[in-house]
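Below is one structure, written out as structure tokens; comments come after it.
The values are calculated or read from the model by the stated rules, or taken from the named source; none is laboratory data. Bear in mind that the values here come from a model prediction, so they are computed numbers and not experimental data. Neighbour counts run over all protein chains shown; Cβ positions are idealised from the backbone, glycine included. Side chains included, ligands, DNA and RNA excluded: accessible areas come from the protein's heavy atoms. Shrake-Rupley method; radii C 1.70, N 1.55, O 1.52, S 1.80 Å.
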Amino acid sequence: MEATALSAGFNPLLKRKGYKFPRSCSLRNSMSLVRCNSKDLSFGLNKRNPQGSIAINHRGLSFKTNAFEQAHSVAGDCSFDEDTTAKTRSHVAEDKIGVLLLNLGGPETLNDVQPFLYNLFADPDIIRLPRPFQFLQGTIAKFISVVRAPKSKEGYAAIGGGSPLRKITDEQADAIQMALQAKNIAANVYVGMRYWYPFTEEAVQQIKKDKITRLVVLPLYPQYSISTTGSSIRVLQDLFRKDPYLAGVPVAIIQSWYQRRGYVNSMADLIEKELQNFSDSKEVMIFFSAHGVPVSYVENSGDPYQKQMEECIDLIMKELKARGVYNNHILAYQSRVGPVQWLKPYTDEVLVDLGKNGVKSLLAVPVSFVSEHIETLEEIDMEYRELALESGIENWGRVPALGLTESFITDLADAVIESLPSAEAMSNPNAVVSEDSESSDAFSYIVKMFFGSILAFLLLLSPKMIDAFRNHII
């Protein structure tokens, strides 16, 4: 599954014998929209400073990114004051603007499933190994991807043989660009996926090739998590730090946008519409299902995901109540996997309890997903629907993902425009990586791989390890 692996961190294979085979990216000249025609690349806790920006620390390097969304109450308007408008127009006139949409990615065919899973589990923000064992990241990722691939293929086969996420994200990019054009903002819109094509690295190379001079990074995750937005930002930071040109490009990163009026209203619109499909809409339980993360992310690493998710639900329900919708609601977390503790309550367990408690009508709301993919099309629509009906729930409905909803797309375009004046260079453009450092890293890598391979071979063949994977991963 595309995000099911959040259980347990990504240096995807770049060599010809690996899973990544980059091809060239092309530009749709008619719309100035970039597409990568390829089938072929932990930061610490976020600390808010008094000026309202986010300071991100990673391997001794720090930079600031705009957290504009914290300054905009969901109850406020999206209109700009004269000063902001003037600054935005100035930047538009002077700069070649780019917008980079970030998403998870997903296998487009069944043959893509195993290498996709490898890239996912090789991410140090997904499987978080203690420092002494981080050299085993690739070996463990390969083992898990091989073990999980058959089951994951069944899921993708059930929804047509591959993930629709790339197609939908491309369509969202088209729509955002057109919304920006309608607001007199000319911008190239790029798509960068974390674990499959087009990879973030490919999009960044196209951004450099196009000589973008001001960039807005827009992760398509409403709420921030270390494992989603955080992981993608880490990749971007590394790429920009190593390239003198990119290091000097002003960048605004939209960390989260769950509290924006446009997003909240769009979610409320979809929920209100789907409630009308029930014979007695007032008796329907509104069931928010969010993707889960391990509890350790929140408790040990300061991941704000759970807090932001709960705030998001509160904002949506307040909007619904303002419209006269007073249905009961509940939030649960789906897609857990592995032996670690995940955020509770669990979606499957809550569905069973609701059935036992006499709930007969339920409307599922995939609140952390803005595009249809395997977690909505297979996990919710098939697995959870079947479980709900077996548990005594008689009337089932599901709110579609936001997708190309006009109010949602318009609000994302507004978010891009609002963030333009705050863009800052990610890192020192004069920073370089010495050849001695690269040689040392290469030697260290070879030594770690040699001894790591021996240790991993012995570890993975041990009876306890085999039983653990059989019980918790397969």
Legend entry - Sole exception among (1) aliphatic (A, V, I, L, M); (2) part of a helix (DSSP H, G or I); (3) more than 30 Å from A141 (Cβ to Cβ) for M309, by number: (3)
Legend entry - So V264, is it at pLDDT 95 or above, assigned to a helix (DSSP H, G or I) and surrounded by fewer than 20 Cβ atoms within 10 Å (Cβ to Cβ): no
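Of all residues in the stretch 176-202, which are over 21 Å from V370 (Cα atoms) and part of a loop (DSSP other than H, G, I, E, B)?
Passing the criteria: K183, N184, I185, A186.
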Inset, instruction - Scan the stretch 321-338 and give yes if some residue there is under 20 Å from W257 (Cβ atoms) and either in contact with a Lys or Arg (Cβ under 9 Å, 6 or more places away or on another chain) or modelled with pLDDT under 95 (or both), otherwise no. - result: no
Inset, instruction - Go through the stretch 323-367 and give me each residue that's open to solvent by 70 Å² or more (accessible area, probe 1.4 Å) and part of a strand (DSSP E or B). - result: H329
Inset, instruction - Go through (1) open to solvent by 10 Å² or more (accessible area, probe 1.4 Å); (2) of a type outside the set (K, R); (3) at pLDDT 95 or above and name the single condition M317 misses. - result: (1)
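Among the residues of the stretch 292-304 satisfying the criterion of being open to solvent by 10 Å² or more (accessible area, probe 1.4 Å) and of a type outside the set (S, T, N, Q), which is farthest from V359 (Cα to Cα)? Reasoning before the result, please.
From the stretch 292-304, those open to solvent by 10 Å² or more (accessible area, probe 1.4 Å) are 295-296, 298-302, 304; that's our starting set.
From what's left, of a type outside the set (S, T, N, Q): 295, 298-299, 302, 304.
Values: V295: 29, V298: 31, E299: 33, G302: 35, P304: 31 Å.
Here the residue is G302.
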Inset, instruction - Return only the number of the condition from (1) at pLDDT below 95; (2) under 21 Å from the mean Cα position of the chain (by Cα); (3) open to solvent by 60 Å² or more (accessible area, probe 1.4 Å) that R131 does not satisfy. - result: (2)
Inset, instruction - Please tell me if K242 is open to solvent by 10 Å² or more (accessible area, probe 1.4 Å) and at pLDDT below 95. - result: yes
Inset, instruction - May I ask you to verify whether S145 is in contact with a Gly (Cβ under 7 Å, 6 or more places away or on another chain), more than 21 Å from D210 (Cβ to Cβ) and either buried (at least 20 other Cβ atoms within 10 Å of the Cβ) or among the aromatic types (F, W, Y) (or both)? - result: no
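From the list Q237, Q205, exactly one residue is open to solvent by 10 Å² or more (accessible area, probe 1.4 Å) and assigned to a helix (DSSP H, G or I). Which is it? Break it down into steps so the answer makes sense when it comes.
On the way: Q237 fails: open to solvent by 10 Å² or more (accessible area, probe 1.4 Å).
Result: Q205 is the single residue among Q237, Q205 that is open to solvent by 10 Å² or more (accessible area, probe 1.4 Å) and assigned to a helix (DSSP H, G or I).
Quick one: is A173 assigned to a helix (DSSP H, G or I) and touching a strand residue (DSSP E or B) at 6+ places or on another chain (Cβ under 7 Å)?
yes
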Inset, instruction - Just give me the residues in the stretch 368-384 being in contact with a strand residue (DSSP E or B) (Cβ under 8 Å, 6 or more places away or on another chain) and either at pLDDT 95 or above or open to solvent by 40 Å² or more (accessible area, probe 1.4 Å) (or both), in sequence order. - result: S371, E375, T376, E379, I380, D381, Y384
Inset, instruction - Assess whether N188 counts as being closer than 28 Å to K96 by Cα and in contact with an Asp or Glu (Cβ under 9 Å, 6 or more places away or on another chain). - result: yes
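Looking at A388, is it within 24 Å of P164 (Cβ to Cβ), touching a Leu at 6+ places or on another chain (Cβ under 7 Å) and open to solvent by less than 20 Å² (accessible area, probe 1.4 Å)?
Numbers: within 24 Å of P164 (Cβ to Cβ): yes; touching a Leu at 6+ places or on another chain (Cβ under 7 Å): yes; open to solvent by less than 20 Å² (accessible area, probe 1.4 Å): yes.
It is true that A388 is within 24 Å of P164 (Cβ to Cβ), touching a Leu at 6+ places or on another chain (Cβ under 7 Å) and open to solvent by less than 20 Å² (accessible area, probe 1.4 Å).
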Inset, instruction - Kindly indicate the residue of the stretch 273-290 that is open to solvent by 10 Å² or more (accessible area, probe 1.4 Å) and in contact with a helix residue (DSSP H, G or I) (Cβ under 7 Å, 6 or more places away or on another chain) and also farthest from R128 (Cα to Cα) among those meeting that condition. - result: S281
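Is there a residue in the stretch 337-356 that is farther than 20 Å from V298 by Cβ and under 21 Å from the mean Cα position of the chain (by Cα)? Quick ask: steps written out before the conclusion?
Within the stretch 337-356, the first condition is being farther than 20 Å from V298 by Cβ, and the residues that meet it are 348, 351-356.
This time we only want the ones that are under 21 Å from the mean Cα position of the chain (by Cα), so: none.
For the stretch 337-356, residues farther than 20 Å from V298 by Cβ and under 21 Å from the mean Cα position of the chain (by Cα): absent.
To keep it simple, each residue is scored yes or no on (1) touching a Leu at 6+ places or on another chain (Cβ under 7 Å); (2) open to solvent by 60 Å² or more (accessible area, probe 1.4 Å); (3) basic (K, R).
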site: L102; (1), (2), (3): yes, no, no
site: L110; (1), (2), (3): no, yes, no
site: N119; (1), (2), (3): no, no, no
site: A122; (1), (2), (3): no, no, no
site: G155; (1), (2), (3): no, no, no
site: G161; (1), (2), (3): yes, no, no
site: T169; (1), (2), (3): yes, no, no
Legend entry - Of the criteria (1) under 24 Å from K167 (Cβ atoms); (2) buried (at least 24 other Cβ atoms within 10 Å of the Cβ); (3) among the small types (G, A, S), which one A179 fails: (2)
Inset, instruction - Using the structure shown, decide if I212 is touching a Lys or Arg at 6+ places or on another chain (Cβ under 6 Å) and not in a helix (DSSP H, G or I). - result: yes
